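See below for the structure under consideration.
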Amino acid sequence: MITKIKTGYKILGAFMVILIAASCKKNQTSGPVLTLDNITDTIPEGGGTVTLAFATDGAWSIDTTGIGWLHLNQISGGSGDAAINLTAAKNSSGISRSVLFAVNSSNGQRRRVTVIQRPKIYPSYNTSPKAPDAAGMGSTAVQLAANIKLGWNIYNTMEAPGGETGWGQPVITQQLIDLVKSSGVNAIRIPCSWNAGHLSNQATAQIDAAWLARVKQVVQYCINDNMYVMLNIHWDGGWLENNCTATGAKQDSVDAKQKALWEQIATTLRDYDEHLMFASANEPNASDEATTNTLMRYHQTFINAVRSTGGKNSYRTLIVQSPSTSIDLANQYLKPANVYKYANLPTDPTPNKMILEIHYYAPANFAILGADASWGKEWYFWGAAFHTKNPLFLDRNSTAATEEGYVNSEFHSLKVNFVDKGIPVIMGEYDAGDHADKLKGYPADSLLSVNSKMHFYRYVTQQAKANGVAPFLWASDIFNRKTNTIGNQRALDSLKKGAGF
């Protein structure tokens with residue numbers, strides 16, 4: 001009897017398992033389907049068509065009320081696959097325009113679609129795109145950055161409004177680049193103006209052909225010596241640098257100029273191999289989330305413009321600047337979402353070819369000031385072991401919070417947040433001021449000030465390299481550009497020691 005009861009329970013249990021499984025299977029049947037996500041799509045500024053494709057298991061429809069400039073070739077249909085053409089003419093309004101509409105399915109699903117079209121302000125200069133050419137472009141951005149031992153800026157020259165000698169520097173020659181190469185420096189940053197004094201047609205943002213040819217010649221000097229070259233759009237009158245705060249039509253006009261200039265620059269220099277890198281800007285004035293998003297829009301336009309020209313530009317390493325080229329703002333607003341994908345960084349169709357740029361002038365009292373400012377005094381001494389004990393100058397010592405420990409923390413944060421995640425970093429500018437001239441009559445303090453500057457050079461360079469950041473000194477006097485000779489051997493040696501060679 002007991003055995004029969006147990007057997008009965010087993011049968012009942014098995015039956016219940018079958019019922020539960022059948023019920024779960026029934027409950028797991030797929031729900032209503034509309035494969036389209038909430039999306040944002042873009043129609044070219046000069047007009048064109050994009051296709052919106054989706055599938056649904058119910059009839060669908062679109063309310064076209066208020067769509068205006070956007071034409072849809074179909075606004076309803078039955079279940080199954082669907083493909084709608086979204087078409088617009090050239091946007092001549094001078095400002096971006098957008099449309100928001102919803103795709104509604106009878107199964108209860110609904111998706112939002114935003115369509116954006118930028119204004120057509122300047123003509124397209126991408127008039128001769130080439131097929132992608134990967135020859136000589138095999139290094140990833142990480143590998144390329146690692147090949148840079150030490151970089152130097154050709155400062156106050158190609159970015160001078162109106163021409164190379166506008167700020168009193170001599171013209172760049174092959175002999176200068178040969179000198180830099182022979183010193184052990186293997187990378188050059190060329191800060192460059194394009195808009196300020198170098199447009200042959202302001203209305204169309206056309207760059208003067210002679211200026212493009214001269215820039216190409218300077219790039220060639222560097223390539224002749226197998227140097228890595230970083231070419232940017234520098235301050236350039238501030239048309240982009242000062243306009244991360246821009247909105248509406250002003251922001252659109254800045255973005256349009258970014259596209260026009262980079263299409264021309266990229267086309268002219270398209271055939272150089274990976275030794276040439278392009279950098280979107282210099283020190284853009286982004287400082288919060290909203291202005292960072294605007295900056296990333298400008299960077300995205302830069303990437304799209306360069307990539308669109310094809311050839312080796314399809315694979316060229318591209319450099320984008322952090323907000324205000326600040327380490328702290330990079331850490332705050334460009335934190336990684338996951339490997340190779342950052343919350344705010346632009347999207348690059350070519351993987352592993354993006355570098356982040358920061359600048360380092362900290363503490364500003366020592367690195368920048370040449371006189372007392374309203375916000376602080378000029379400091380003559382930097383580094384824990386380089387403080388003066390002269391009571392006349394105690395207030396000219398840097399504070400402990402700005403010295404070696406701060407450098408360690410700042411560069412370690414770049415390693416953790418970017419370098420270790422596959423986004424290499426370039427320190428496009430760093431330098432320190434000369435303060436010894438303020439100490440005439442005090443030879444011991446004057447020498448201490450010079451020693452502290454040499455220590456700054458060595459230590460900052462060393463920590464950058466130790467954390468995977470490629471250093472580019474701004475100016476200094478390490479090269480005498482008028483005589484093409486070494487101008488300050490001790491400073492050069494301090495930099496090289498910091499760089500590990």
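Bear in mind that the values in this text are calculations on the coordinates, not laboratory data. This one's a predicted model, so the numbers in the text were calculated from it and none came from an experiment. Please note: Cβ atoms are built from the backbone with ideal geometry, for glycine as well, and neighbour counts cover all protein chains shown.
Here are some notes:
- Put a plus charge on the Cβ of each Lys and Arg, a minus charge on the Cβ of each Asp and Glu, and nothing anywhere else: the dipole of segment 39-117 about its Cα centre is then about 180 debye.
- FRET efficiency, residue 171 to residue 201 (Cβ-Cβ, R0 30 Å, nearest 0.05): 0.75
- Segment residue 182-residue 116, length gained on full extension (0.36 nm per residue, minus Cα span): 18.6 nm
- Average Cα contact separation per residue, the chain, under 8 Å, 6 or more apart, as relative contact order %: 12
- Between the beta carbons of residue 216 and residue 475, assuming R0 = 22 Å, the FRET efficiency works out to 0.35 to the nearest 0.05.
- When shorter helices are ignored and each DSSP H run of at least 4 residues is given -39500 (n - 2.57), the per-residue value for the chain at 222 nm works out to -10500 deg cm²/dmol.
- Two-site label geometry, residue 482 and residue 384: point separation in nm, points 7 Å out along Cα→Cβ: 4.2
- Segment residue 41-residue 440, length gained on full extension (0.36 nm per residue, minus Cα span): 137.2 nm
- Between residue 74 and residue 497, full extension at 0.36 nm per residue minus the direct alpha carbon distance yields a gain of 145.5 nm.
- The distance between label points at residue 64 and residue 208 comes to 5.1 nm (points 7 Å beyond Cα on the Cα→Cβ vector).
- Here the label points at residue 395 and residue 489, each 7 Å from Cα along the C-beta direction, are separated by 4.0 nm in the simple model.
- Annotation: peptides 124-135, 457-468, 170-181, ranked by per-residue average of other Cβ atoms within 10 Å with the highest first, follow the order 457-468, 170-181, 124-135.
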